[in-house]
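All remarks here apply to the structure that follows.
The values are calculated or read from the model by the stated rules, or taken from the named source; none is laboratory data. Given the structure is predicted, the values throughout are model-derived calculations rather than measurements. Using ideal geometry, Cβ is built from the backbone for each residue, glycine included, and neighbour counts are taken over all protein chains shown.
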Amino acid sequence: MRGFHSYLYIFYSFVFLLYTIHVFWNNSALYMLIGILGIFMVLISFPRADRVFRVLGLLLGTVGAFFFFSSDTQLVDIPKYVAGNVGILFLLSMLPWMNSVVKAGRYNKLLQSLLGSNDGGLGALYMRSEATMVSLAAFLNLSSATISQDLLREKLKHVQTSVKNRFILMATLRGYSLALLWSPLEVLLATAIFITGANYLAVLPWMLLIAALGLFLDSMFGRFIFKKYDVDLQTKRAVSTGKGKLKTFIPALVLFLGTVVFLANVVQLDFLFAVTVAIFPFALIWAALIGRRKSFIKIGWPAWKRGTNHLSNFIVLLLSLSFLTGALNASPYLRYLQDPLIALEGSPVLIMLFIQVAFLIMTLLGVHPIATMGIFGGVGGLLIESFSAVTLTVLLATSAIATVPSAPYGLIVTITSVALRMNPYQIVLRNLPYSIALGLIGIGIALLTMLIY
């Protein structure tokens with residue numbers, strides 16, 4: 001079985017190929033086949049998934065089955081319900097290629113240079129650390145968090161442990177979440193756009209505004225909190241080669257954004273699919289232009305196979321969620337979920353607060369925000385009646401991403417808890433006020449968009 005599991009990427013890639021064909025050739029029989037293969041993906045992945053995802057998958061599947069049998073649909077409809085989130089899995093499988101070109105280009109030196117280029121006090125370092133994360137984490141992704149945490153642990157090795165840990169978990173996790181707000185590679189943002197059908201280019205300025213406001217307010221708060229600690233930061237001279245990489249990194253990111261916008265707006269591809277199909281060719285060309293093509297393939301091929309082979313958690317979560325969402329939309333019980341939103345009709349602020357609180361509570365209970373996003377996607381038609389696509393995207397994406405630093409079972413919190421040897425709930429408690437504040441900023445900007453859209 002171990003040998004079989006090492007070749008799952010072939011099977012999964014075949015399913016993603018069929019999905020790609022379906023994007024250009026909308027055929028119901030092909031979509032049904034994708035759903036049938038999706039069911040096999042769940043059966044294969046379930047024993048390999050982490051316990052929390054197995055429990056969540058069973059819960060979503062059970063509730064979905066209840067909704068399914070309460071409707072007038074037939075068993076033959078199950079595959080088309082399961083197929084709904086295959087596109088998100090396709091995106092997740094392609095992300096290792098972007099991470100690989102980052103590693104091949106040795107852009108970790110850029111992060112090291114920007115973090116270690118100044119020896120001000122802790123307050124100034126907090127502002128610089130968070131700003132660096134916001135600037136680069138959108139494309140360096142988790143690698144930016146792990147690299148910066150390692151660098152900051154070394155830089156603050158003479159600082160009291162409690163102060164050092166608080167500094168690192170605040171600067172890196174909060175900066176990381178602010179970067180996700182506008183990154184086209186962020187699955188939560190892509191999922192929100194997938195649900196609402198909004199134009200990424202129309203959403204981007206508002207998400208950048210939220211990120212800028214969040215960065216300004218939190219960096220000011222961090223500067224105020226940490227400026228009282230007068231410590232020797234043991235700063236080393238900046239790495240000059242790191243700064244040199246900035247000259248290729250920034251144009252590459254701008255070109256990638258331009259490519260995605262072109263595919264979504266000119267070629268008229270779905271945003272999620274546009275990001276997915278742009279990743280590999282763009283990363284390959286980028287690697288070739290910086291003279292790292294061989295390193296890119298050497299690093300990327302095994303990373304892609306490994307990442308695709310280990311999609312088990314997301315397969316169980318996303319495909320069971322897809323089944324739940326499809327069954328819910330066909331069920332008469334949908335109105336019971338719609339009733340609270342209907343009761344709040346005419347009170348957009350209350351609806352927004354309801355959505356934010358729902359994301360936060362579900363996250364604290366261990367439910368992945370993608371699952372919560374999918375549940376709201378099930379009543380997306382009703383929400384679209386109250387909000388424009390842009391407003392709803394801003395609201396859903398910000399409410400979901402705001403919970404990232406406060407998700408006790410989230411990957412970034414888990415990595416940080418291991419690195420700092422802290423209980424995940426200690427990290428959650430430190431970042432919970434930030435998550436609430438960022439969600440409120442998102443609500444404020446969403447209300448502002450209602451004046452325009």
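So which residues in segment 427-440 are of a type in the set (A, V, I, L, M, F, W, C) and surrounded by fewer than 18 Cβ atoms within 10 Å (Cβ to Cβ)? Of everything in segment 427-440, those that are of a type in the set (A, V, I, L, M, F, W, C) and surrounded by fewer than 18 Cβ atoms within 10 Å (Cβ to Cβ) turn out to be 429, 432, 436, 437, 440. Whenever a residue of segment 43-72 is surrounded by fewer than 13 Cβ atoms within 10 Å (Cβ to Cβ), its partners that are among the hydrophobic types (A, V, I, L, M, F, W, C) and at pLDDT below 90, lying with C-beta atoms within less than 8 angstrom and at least six residues away or across chains, give the pairs 72/330. Residues that are surrounded by 14 or more Cβ atoms within 10 Å (Cβ to Cβ) and among the hydrophobic types (A, V, I, L, M, F, W, C) within segment 410-423 comprise 412, 413, 415, 419, 420, 422, listed in sequence order. Is there a residue in segment 170-190 that is out of contact with any strand residue (DSSP E or B) (no Cβ under 7 Å at 6 or more places or on another chain), aromatic (Phe, Trp, Tyr), touching a residue at least 40 places away in the same chain (Cβ under 8 Å) and surrounded by 23 or more Cβ atoms within 10 Å (Cβ to Cβ)? So far as segment 170-190 goes, yes, one or more of its residues are out of contact with any strand residue (DSSP E or B) (no Cβ under 7 Å at 6 or more places or on another chain), aromatic (Phe, Trp, Tyr), touching a residue at least 40 places away in the same chain (Cβ under 8 Å) and surrounded by 23 or more Cβ atoms within 10 Å (Cβ to Cβ).
Out of curiosity, is residue 246 modelled with pLDDT under 85 and not hydroxyl-bearing (Ser, Thr, Tyr)? The answer is yes for residue 246.
Matching residues to (1) over 30 Å from residue 4 (Cβ atoms); (2) more than 23 Å from the chain's Cα centre (by Cα):
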{"site": "272", "(1), (2)": "no, no"}
{"site": "277", "(1), (2)": "no, no"}
{"site": "280", "(1), (2)": "no, no"}
{"site": "291", "(1), (2)": "yes, yes"}
{"site": "296", "(1), (2)": "no, yes"}
{"site": "307", "(1), (2)": "no, no"}
{"site": "310", "(1), (2)": "no, no"}
{"site": "315", "(1), (2)": "no, no"}
{"site": "320", "(1), (2)": "no, no"}
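If I filter segment 136-156 for residues that are modelled with pLDDT of 75 or more, in a helix (DSSP H, G or I) and of a type in the set (S, T, N, Q), do I get at least one hit? Yes, some residue in segment 136-156 is modelled with pLDDT of 75 or more, in a helix (DSSP H, G or I) and of a type in the set (S, T, N, Q). Listed here are the helices (runs of 4 or more DSSP H) enclosed by segment 1-111 that have at least 2 residues being modelled with pLDDT of 85 or more: 8-24, 28-45, 51-69, 78-82, 86-104. Residues that are free of Cβ contacts under 8 Å to residues at least 24 places away in the same chain, outside any helix (DSSP H, G or I) and in contact with a Phe, Trp or Tyr (Cβ under 9 Å, 6 or more places away or on another chain) within segment 322-369 comprise just one, 344.
Of all residues in segment 269-310, those satisfying the criterion of being within 16 Å of residue 87 (Cβ to Cβ) and surrounded by fewer than 18 Cβ atoms within 10 Å (Cβ to Cβ) are 270, 280. Scoring residue 408 on the criteria (1) under 26 Å from residue 133 (Cα atoms); (2) touching a helix residue (DSSP H, G or I) at 6+ places or on another chain (Cβ under 6 Å); (3) in a helix (DSSP H, G or I) leaves a single failure, condition (3). Restricting 383, 429 to residues that are aliphatic (A, V, I, L, M) and either closer than 26 Å to residue 81 by Cα or touching a helix residue (DSSP H, G or I) at 6+ places or on another chain (Cβ under 8 Å) (or both) narrows the list to 383. Checking the structure you have, find out if any residue of segment 154-175 is small (Gly, Ala, Ser), in the same structural domain as residue 273 (by TED's automatic domain parsing) and closer than 22 Å to residue 355 by Cβ. No; the residues of segment 154-175 include none that is small (Gly, Ala, Ser), in the same structural domain as residue 273 (by TED's automatic domain parsing) and closer than 22 Å to residue 355 by Cβ. Selection of segment 411-448 for residues being farther than 21 Å from residue 350 by Cα, part of a helix (DSSP H, G or I) and in contact with a Leu (Cβ under 8 Å, 6 or more places away or on another chain) yields 411, 412, 413, 415, 416, 420, 427, 428, 430, 431.
So that you can scan it fast, the table gives a plain yes or no per residue for (1) on the phi < 0 side of the Ramachandran plot; (2) under 17 Å from the mean Cα position of the chain (by Cα); (3) surrounded by fewer than 21 Cβ atoms within 10 Å (Cβ to Cβ):
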site	(1), (2), (3)
354	yes, no, yes
357	yes, no, yes
369	yes, yes, no
408	yes, yes, yes
425	yes, no, yes
